[in-house]
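Heads up: the structure comes next, in structure tokens.
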Amino acid sequence: MTTPVLLYYDMRMLGHNPHGWDPANPAWTEAVKAMITLQYPGSDLQTYSHPERPDRLTAIVDRLMLEPIEGVRWMLPSAATTAQIERVHDKNYVAKIESLAGESCWLAKDTTAISPGSVEAASLAAGAGISAVEAISGGAARRAFCVLRPPGHHAHSDHASGFCLYNNIAVTAAHARESLGYQRVMIWDWDMHHGNGTQEIFYSDPSVLVVDSHCAAPFYPGSGLLHDTGAGAGVGSQLNVPLPPGSGNAALLKVFDEVVKPAAKAFQPDILLVSSGFDCHYLDMICAMDETGFAILTQRMSDLADELCDGRLVVLLEGGYNAKALADSAHAVVNVLAGIRVNSFNVMPDDPGCAAVADAVQFLKRKGSGKEPPLEN
């Protein structure tokens, strides 16, 4: 039996295209080339393509169109308003980004840049999660998947980084709490990179529980250490699980079974959100997951949502830079959200991430929160 799934997408998000070569701004173009040469010494500047490019989304959308999934309803997101974005971002920062509409410029040395359509795309990306949680709150469905860019989880409260302008999942979580009455929001970030912006925004907030599994430092952005568990009233609300390169499906499933699920049962969230990067896929960078792994994670999260929060689950796209990996993984995730159960998934004989998960679990059980342990014993 299929389950209705709301799929949010707007082709205007393709207008974000920071390719770096802007004839009208030669100084900016030269700065971009210098930074690429520094960060990627072997790059051919004539053929270089920014990894956060429009075909990330078209790969996903084309696959979902060619192989439609019963129960999926395509939805247009509303752009986030300035006030909605300012719930998690500094007013001066938001004003700065809004002032760059129609411009091209370089925002950070980690190759974060904008093109003339980027500000509109970022507002739509931030609004996609808001549109999803509002529709779910209104009873239109229980599941949603947001095909969006630019991604968000590296965006801090007061600056852009890691290809991210606005922190889409943070904007979504804040809206769920402040406008829709969801008192406890839980986020699992399974992107290969640590969501340093999300951590910073919610680090002292006990109403938002963040679990972040990612490649361990010094891999970009070099944050998300085990002992980073929150501050002040938010101690225990940030659970980091650093993993070694080569981690695969078994390691991420272990993260769910031994960190996400027990933490959720202790926290009792009103809604579950996922920062869903697909760059842990073996076709992408340095990890070893595949689409069957993302499918089983989605199934476990769907079951957890059914158990704890009346099925409310919203998945927002983050990273992932290989077109085939993106298309395969997103299709697998939406298929599960639509109620197709997973019968099997691939597991490496010796997944190097499993030992790291075990170490994280032991640390988190010892650490606790000062009030109650973040993980059930």
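Some notes on this structure:
- Single match in VAL241, VAL235 (criterion: β-branched (Val, Ile, Thr) and either in contact with a helix residue (DSSP H, G or I) (Cβ under 8 Å, 6 or more places away or on another chain) or closer than 25 Å to HIS281 by Cβ (or both)): VAL241
- Within the range 17-27, if we keep just the residues that are in contact (Cβ under 8 Å) with a residue 40 or more places away in the chain and out of contact with any Asp or Glu (no Cβ under 9 Å at 6 or more places or on another chain), the residue that is surrounded by the fewest Cβ atoms within 10 Å (Cβ to Cβ) turns out to be ALA24.
- In the range 343-367, the residues that are outside any helix (DSSP H, G or I) and either of a type in the set (Phe, Trp, Tyr) or surrounded by fewer than 20 Cβ atoms within 10 Å (Cβ to Cβ) (or both): ASN343, SER344, PHE345, ASN346, VAL347, MET348, PRO349, ASP350, PRO352
- When residues of the range 286-303 are limited to those that are out of contact with any strand residue (DSSP E or B) (no Cβ under 7 Å at 6 or more places or on another chain) and small (Gly, Ala, Ser), the one surrounded by the fewest Cβ atoms within 10 Å (Cβ to Cβ): ALA288
- Any hit, the range 40-48, residues being surrounded by fewer than 13 Cβ atoms within 10 Å (Cβ to Cβ), at pLDDT below 85 and not in a loop (DSSP other than H, G, I, E, B): no
- Candidates LEU6, LEU14 - the one that is touching a strand residue (DSSP E or B) at 6+ places or on another chain (Cβ under 6 Å), of a type in the set (A, V, I, L, M, F, W, C) and surrounded by 15 or more Cβ atoms within 10 Å (Cβ to Cβ): LEU6
- Residue pairs whose Cβ atoms lie under 7 Å apart, separated by 6 or more positions or on different chains, with the first residue in the range 355-366 and within 12 Å of ALA263 (Cβ to Cβ) and the second of a type in the set (D, E, K, R), are VAL361/GLU258.
- Cβ separations smaller than 9 Å between residues 6+ apart or across chains give no pair from the range 314-337 residues that are within 21 Å of ALA140 (Cβ to Cβ) to residues that are part of a strand (DSSP E or B) and modelled with pLDDT under 95.
- Check on VAL32, crowded, with 17+ Cβ neighbours inside 10 Å and at pLDDT 80 or above: no
- Residue in the range 335-347 that is under 29 Å from VAL5 (Cβ atoms), within 17 Å of the chain's Cα centre (by Cα) and not acidic (Asp, Glu) present: yes
- Residue check, ARG177 in contact (Cβ under 8 Å) with a residue 24 or more places away in the chain and either assigned to a loop (DSSP other than H, G, I, E, B) or of a type in the set (Val, Ile, Thr) (or both): no
- Residue selected from the range 10-19 under the condition assigned to a loop (DSSP other than H, G, I, E, B) and touching a helix residue (DSSP H, G or I) at 6+ places or on another chain (Cβ under 6 Å), by the criterion nearest to ILE136 (Cα to Cα): ASP10
- Spans of helices (runs of 4 or more DSSP H) in the range 73-165 with at least 1 residues under 19 Å from the mean Cα position of the chain (by Cα) and within 23 Å of VAL208 (Cβ to Cβ): 82-85, 118-137
- Residue match in the range 333-342 (condition: farther than 26 Å from ILE271 by Cα, surrounded by fewer than 18 Cβ atoms within 10 Å (Cβ to Cβ) and of a type outside the set (Val, Ile, Thr)): no
- Residues in the range 212-235 that are surrounded by 23 or more Cβ atoms within 10 Å (Cβ to Cβ) and either within 21 Å of CYS309 (Cα to Cα) or without any contact (Cβ under 8 Å) to a residue 24 or more places away in the chain (or both): ASP212 only.
The values are calculated or read from the model by the stated rules, or taken from the named source; none is laboratory data. Remember, predicted model here, so these are calculated numbers, not experimental data. When we count neighbours, we look across all protein chains shown, and the Cβ atoms used for this are built from the backbone with ideal geometry, even at glycine.
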